[in-house]
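K.L.:
I'd like to ask you about the structure that follows.
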Ligand code: VGL
Ligand code: ZN
């Protein structure tokens with residue numbers, strides 16, 4: 001029996017060329033999760049050029065692009081003001097909830113709003129959004145994921161993609177972690193790999 005393929009061998013052996021039945025999902029790249037924002041993720045800005053290259057590649061290939069937005073009412077249960085763990089962030093309609101101007105999402109991008117009820121947190125872009133149904137209906141079989149944050153919304157979204165019967169691929173160089181505890185991001189990636197999520201680098205994308 002041959003050794004299991006690591007993300008390196010996988011991408012070296014096969015190259016990585018997205019095609020029909022595949023989509024890009026950009027998770028929660030919003031001002032409040034970037035330096036200067038209410039719940040800034042360190043290094044978040046580094047993702048923008050990487051994501052812009054991915055967006056351009058999927059657009060060129062004519063493949064669908066989805067972008068999730070954390071989109072909370074001002075009394076959302078995840079806010080410290082309501083007894084939750086986070087500073088108030090990504091309040092619907094405010095600047096902090098907007099994507100950064102430098103992120104070049106095409107006009108046809110499917111925007112997925114999540115966490116819109118005050119009473120439930122929603123780390124996953126699939127949670128109460130209809131995204132699973134929408135992807136399956138459109139014939140999607142695999143989602144390529146990048147964005148914020150590795151240990152929260154990226155993690156939950158990739159695991160939910162599997163639960164929705166999709167394959168999931170996370171670009172390790174297109175995600176950043178909150179890392180409240182040292183190593184949270186690395187542990188999340190290990191958990192995803194163990195669950196069956198493919199991991200790789202966006203540089204291996206051939207187009
Ligand atoms: C997120 C904290 C609170 C995320 C969302 O997008 O990872 N993190 N809400
Ligand atoms: Zn949130």
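The values are calculated or read from the model by the stated rules, or taken from the named source; none is laboratory data. What you are looking at is a predicted structure, and each value in this text was computed from that prediction instead of being measured. Every residue, glycine as well, gets a Cβ built from its backbone with ideal geometry; the counts of neighbours run over all protein chains shown.
K.L.:
Which one is nearest to ligand 2 (Cβ to nearest atom) among residues in segment 19-56 that are over 23 Å from residue 95 (Cα atoms) and more than 17 Å from the chain's Cα centre (by Cα)?
P.N.:
Within segment 19-56, the match that is nearest to ligand 2 (Cβ to nearest atom) is 21.
Here's the yes/no breakdown for (1) crowded, with 23+ Cβ neighbours inside 10 Å; (2) part of a loop (DSSP other than H, G, I, E, B); (3) more than 16 Å from ligand 1 (Cβ to nearest atom):
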position	(1), (2), (3)
19	no, yes, yes
26	yes, no, no
35	no, yes, no
40	no, yes, no
45	no, no, no
49	no, no, yes
56	no, no, yes
63	no, yes, yes
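K.L.:
If residue 107 satisfies every condition in (1) within 16 Å of ligand 2 (Cβ to nearest atom); (2) closer than 20 Å to residue 71 by Cα; (3) loosely packed, with under 14 Cβ neighbours inside 10 Å but one, which is the exception?
P.N.:
(1)
K.L.:
Something else about it: Does residue 154 qualify as being in contact with a helix residue (DSSP H, G or I) (Cβ under 9 Å, 6 or more places away or on another chain), in a helix (DSSP H, G or I) and in contact (Cβ under 8 Å) with a residue 40 or more places away in the chain?
P.N.:
For residue 154, the condition - in contact with a helix residue (DSSP H, G or I) (Cβ under 9 Å, 6 or more places away or on another chain), in a helix (DSSP H, G or I) and in contact (Cβ under 8 Å) with a residue 40 or more places away in the chain - is met.
K.L.:
On the given criteria, is residue 140 at pLDDT 95 or above and over 14 Å from the mean Cα position of the chain (by Cα)?
P.N.:
In short, yes.
K.L.:
Looking at this structure, is residue 107 more than 16 Å from ligand 1 (Cβ to nearest atom), in a loop (DSSP other than H, G, I, E, B) and modelled with pLDDT of 95 or more?
P.N.:
Yes; evaluated as a whole, the condition is true for this residue.
K.L.:
Can you confirm whether residue 97 is surrounded by 20 or more Cβ atoms within 10 Å (Cβ to Cβ) and within 15 Å of ligand 2 (Cβ to nearest atom)?
P.N.:
Judged against the criteria, residue 97 is a match.
K.L.:
Tally the residues that are within 16 Å of ligand 2 (Cβ to nearest atom) and in a loop (DSSP other than H, G, I, E, B), restricting the search to segment 110-151.
P.N.:
So the answer is 16.
K.L.:
While we're on this one: Among (1) in contact with a helix residue (DSSP H, G or I) (Cβ under 6 Å, 6 or more places away or on another chain); (2) at pLDDT below 95, which single condition is residue 121 missing?
P.N.:
For residue 121, the exception is condition (1).
K.L.:
If you don't mind, another one. Of all the residues that make up segment 75-91, how many are touching a strand residue (DSSP E or B) at 6+ places or on another chain (Cβ under 8 Å) and more than 15 Å from residue 119 (Cβ to Cβ)?
P.N.:
7
K.L.:
The conditions are (1) surrounded by 15 or more Cβ atoms within 10 Å (Cβ to Cβ); (2) within 11 Å of ligand 2 (Cβ to nearest atom); (3) closer than 23 Å to residue 179 by Cβ, and residue 71 fails exactly one of them. Which is it?
P.N.:
(3)
K.L.:
Of the residues that make up segment 93-102, is at least one assigned to a loop (DSSP other than H, G, I, E, B) and touching a strand residue (DSSP E or B) at 6+ places or on another chain (Cβ under 6 Å)?
P.N.:
No: segment 93-102 contains no residue that is assigned to a loop (DSSP other than H, G, I, E, B) and touching a strand residue (DSSP E or B) at 6+ places or on another chain (Cβ under 6 Å).
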